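The values are calculated or read from the model by the stated rules, or taken from the named source; none is laboratory data. Just so we're clear, the structure is a prediction, and the values are computed from it rather than from any experiment. Here Cβ is always computed from backbone atoms with ideal geometry, including for glycine, and neighbour counts include all displayed protein chains.
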Amino acid sequence: MIYRKLEPNEYERIIEMVIDFCDETNADDTAITAIITRMGEGRTTVFAAENGQLCGILGYCTAGEVAIPDFFYVLPEKRKGTVGGRLYNMAIRYAKKHGIKKAVPMVTIDKEPIYTKLGFKRSKFILLEKEL
């Protein structure tokens, strides 16, 4: 398994993974456009590959000393293994090396156990939303 920073010439396969992710999670076209548009524009994106095939991706942006992971996807057939955890740990190490002090992912309730295993804990803040 190889873990490294994403290179611009690899975006096409990543876009395919993004579309698969959005299909799987019923995300709308706006989400697909937003994710694809943000890739490579002042962001850090890392991915995992096995035997030359992409199997996971994680992207985050930063605000001061805070990393905000906003895209994390592992191919379904790789989710039972260690790909996701290793990918996240690699991104965290990379962020720390570049002065980031805290990671603040926004996750759905059903994904909380995954992040708890990675060492995250609930914040004192909650996310509110309002349709406009």
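Annotations
- Considering only residues in segment 36-57 that are loosely packed, with under 14 Cβ neighbours inside 10 Å and of a type outside the set (S, T, N, Q), the one that is modelled with the lowest pLDDT turns out to be Glu41.
- Of the residues making up segment 107-126, not a single one is closer than 18 Å to Lys5 by Cα, modelled with pLDDT of 85 or more and surrounded by 14 or more Cβ atoms within 10 Å (Cβ to Cβ).
- Number of positions in segment 58-71 that are under 12 Å from the mean Cα position of the chain (by Cα), at pLDDT 85 or above and not small (Gly, Ala, Ser): 5
- Odd one out for Met106, checked against (1) among the aliphatic types (A, V, I, L, M); (2) part of a loop (DSSP other than H, G, I, E, B); (3) out of contact with any Asp or Glu (no Cβ under 8 Å at 6 or more places or on another chain): (3)
- Count of residues meeting criterion [over 15 Å from Asp20 (Cα atoms), touching a Cys at 6+ places or on another chain (Cβ under 7 Å) and part of a strand (DSSP E or B)] in segment 50-89: 2
- Any hit, segment 27-35, residues being surrounded by fewer than 15 Cβ atoms within 10 Å (Cβ to Cβ), at pLDDT 85 or above and over 19 Å from Lys96 (Cα atoms): no
- Residue tally, condition surrounded by 11 or more Cβ atoms within 10 Å (Cβ to Cβ) and part of a helix (DSSP H, G or I), over segment 90-103: 7
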